[in-house]
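Step one of this worksheet: look at the structure below.
Readers should treat all values here as calculations from the given coordinates under stated rules, not as data from a laboratory. Computed from a predicted structure; not experimentally measured. Cβ placement follows ideal geometry from the backbone for every residue including glycine, while neighbour counts extend to all protein chains displayed.
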Amino acid sequence: MIRFSAIRRSSIKQLTLSLVVGSLTLATVPAPADAQNLTPDSAAAVKAAFLADIEVMREKFLGLADAFPQDKYTWRPMEGVRSVSEVLMLIASEGYGFAPTALGGEAAMSRDESRALSSITDKAQVVDHLTKGFAHATAQLESIDPATLVAPRNLFGQERSTPALVMFVGGDMHEHLGQLIAYARSNQIVPPWSR
């Protein structure tokens, strides 16, 4: 029992020392820059990076849209989840609205018009909307003055900086890209960039 107490005291001392050293280390790390520290130049860099990411996603989504045969556009891995065409049309609608409006651009259509897109299953129409959605997002994002991106914007009831908005919107779109890649692989379709 004495030995256990000695080991326990030693462990407590080590834990306490670790906590003190860790706290002091954290206290010396500078806080992350907030939205007030964003300049028009840094906002322009964030916007440019987002536009580059949008272009990569455009190529991949269109590549997958082309790789899926028409008869797989209504395929879904189980009831209650989106089909191939519904995922693609969600991304088209995000190009028409969510991606540009999050940073202050204009939507191409109303929410009701955007919601109606989910029922389109014809491959040619899906590819057309996907192409137009990405083109709209790109044009709107390119037209945004970086000086308007230095202040936080409200999205879904939260004030978010431009980098946070880009991470949120881009992250959502990448999540659906991953979903579509899984759908492709489940149907023995190899993503074009992996060949």
For region 39-194, the dipole about the Cα centre with charges only on Cβ (Lys and Arg +1, Asp and Glu -1), to the nearest 20 debye, works out at 280
For region 105-194 the chymotrypsin sites (Phe, Trp or Tyr not before Pro) that pass both the DSSP coil test and the at-most-14 other-Cβ-within-10 Å test are F156
Counting only DSSP loop positions in region 85-126, the GluC sites (Glu not before Pro) whose Cβ has at most 14 other Cβ atoms within 10 Å are E106
From fewest to most C-beta neighbours within 10 Å, the residues T39, T101 line up as T39, T101
